Amino acid sequence: MKQNDVTYIYQNTFSSLLALIKILIDHKIKPMNLKNTDYNPTLLDTIIELELKDEKSFLFWQIKTSKKIINIAYYVFLSNADNKELIIYYFLLNSLKYQEKIIHMRNLKCVDKALKISAYVSHENHKFKGFTRFKELQNHILYATISPENNILPILSKHFQNRLKNENWIIKDEKRQIISIYDKKNFYLVNASNFSLNELQDCQEEKQIAALWKNFYKTISIKERKNERCRNNFMPKKYWKNMLEMSDEIEKDNK
């Protein structure tokens, strides 16, 4: 059987992917297809799902590579890039040979792609540290919705775990239907279908706070210095729907 006829499956977690990559490297297999369990195979696909021991493989990569290399691979994993698993595979494969030097070897396609994708995910995560808008619910829980291009919720949650450590909060990724729930100690990622948000209502003061925030945004703007191109660079329109202060402009665009 040819390798390009085989699709290797992992359990849709970073640790599971690392375990699969370790097995493939150990057996000197250079795969053509690596997919998670959400993958819908074609009639021509041959699916192989191996028994993966996540903890041991993660320890292996910690010993054989550096934290920086693992973080780059993790950010690629969180991306929406096509064939990201293969990019990670070849990036880690080469890291075993070149170690920390791999980061400077952009002449290798896998390295160049990994660094560009990782930087893109990091950049979007940084934007959402400022773009995420919370509102207070009746039970004093802070609630926000986001729709990022990449699956940044795990790393964004770590930021707000430190930034809002004394609050209970929920962040919902509407694009992936994933929710992050923080209980003043830890945050937990759950599928939105397993958690009902229908009973959560805004607190009584929320409308007043929202009105004040929108008025503040309008007040600080200077009409004569308005620069749409510059604003769109710093605040892309694709993020506006989850930003309270942009709701009026969205309504104007829809009319």
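Laboratory data are not the source of any read-out in this text; all were calculated from the coordinates shown. As the structure is a prediction and not an experimental result, all values here were calculated from the model. Heads up, the Cβs are rebuilt from the backbone with ideal geometry, glycines too, and the neighbour counts pull from every protein chain shown.
Tabulated data
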quantity	calculated
J(HN,Hα) series, segment 132-140, from Karplus relation 6.51 cos²θ - 1.76 cosθ + 1.60, nearest Hz, glycine and proline x	5, 10, 8, 10, 8, 9, 4, 8, 6
Within segment 21-103, GluC sites (Glu not before Pro) in DSSP loop having at most 15 other beta-carbon neighbours inside 10 Å	Glu51
Alpha-carbon centroids, segment 116-176 and segment 32-106: separation in whole Å	25
DSSP-assigned coil residues among trypsin sites (Lys or Arg not before Pro) in segment 1-40, each with at most 13 further Cβ atoms within 10 Å	Lys2, Lys28
Translational diffusion of segment 39-145, µm² s⁻¹ [Kirkwood Rh, Cα pairs; Stokes-Einstein; 10 °C; 1.306 mPa s]	97
